[in-house]
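Just so it is clear, none of the values below were taken in a lab; they were calculated from the coordinates. Since the structure is predicted, the reported quantities are computational estimates derived from the model, not experimental observations. Don't worry about glycine lacking a Cβ; one is built from the backbone with ideal geometry, like all the others, and counts go over all protein chains shown.
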Amino acid sequence: MDDSAFRKNLTNEQYHVLREAGTEAPFSGQFDNFWKTGNYKCAACGNLLFKSNNKYDAGCGWPSFWDAIDDSKIKLIQDNSHGMIRTEVRCGVCDSHLGHLFDDGPKEHGGKRYCINSLSLDFDKTKD
């Protein structure tokens, strides 16, 4: 997908987060305190990223997951911005910025915390 398609299909806020590696304000996103059963996908391309049963409340203000659906669905890149060394999480299909990976997640699930912007996600509810 070229840049004009992203600009056409995303809101200005989504474009800023997904294509310019922006960050939404903590506790502002629609999926921070959202607990329906289903799958989270990339808002830019529809790539399936996370399952709701891997989501937990980390108290950080962004949706947090302890695992991705599949490691091939995401890309991890060293991020040295803002005077920090972090691991950026990007969509494995369209290379859009999703958020960051930290090592302070639940120990019983491997200790990972995928801290993801709500603006970078869409949600598909699991059919009952």
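Note on segment 3-125: semi-axes of the ellipsoid equivalent to its C-alpha gyration tensor, largest first and rounded to whole Å, are 20, 17, 14. Counting only Cβ charges, +1 for Lys and Arg and -1 for Asp and Glu, the dipole size of segment 1-71 around its Cα centre is about 260 debye. Spacing of the modelled spin labels on N80 and D124, each 7 Å from Cα toward Cβ, amounts to 3.9 nm.
Calculated FRET efficiency, Q30 to D71, Cβ-Cβ distance, R0 = 25 Å: about 0.45 to the nearest 0.05.
The trypsin sites (Lys or Arg not before Pro) of segment 1-99 meeting both criteria, a DSSP state outside H, G, I, E and B (loop) and at most 12 other C-beta atoms within 10 angstrom of the site's C-beta, are K36. Of the residues G92, G110, W62, the one whose Cα sits farthest toward the positive end of the charge dipole of segment 3-125, with +1 on the Cβ of Lys and Arg and -1 on the Cβ of Asp and Glu, is G92. The chymotrypsin sites (Phe, Trp or Tyr not before Pro) of segment 19-121 meeting both criteria, a DSSP state outside H, G, I, E and B (loop) and at most 15 other C-beta atoms within 10 angstrom of the site's C-beta, are F27, F34, W35. Across segment 3-125, C-alpha contacts under 8 Å between residues 6 or more apart give a mean separation that, scaled by the residue count, equals a relative contact order of 29 percent. Charge dipole of the chain (Cα centre as origin; +1 on each Lys and Arg Cβ, -1 on each Asp and Glu Cβ, all else neutral): 240 debye, rounded to the nearest 20.
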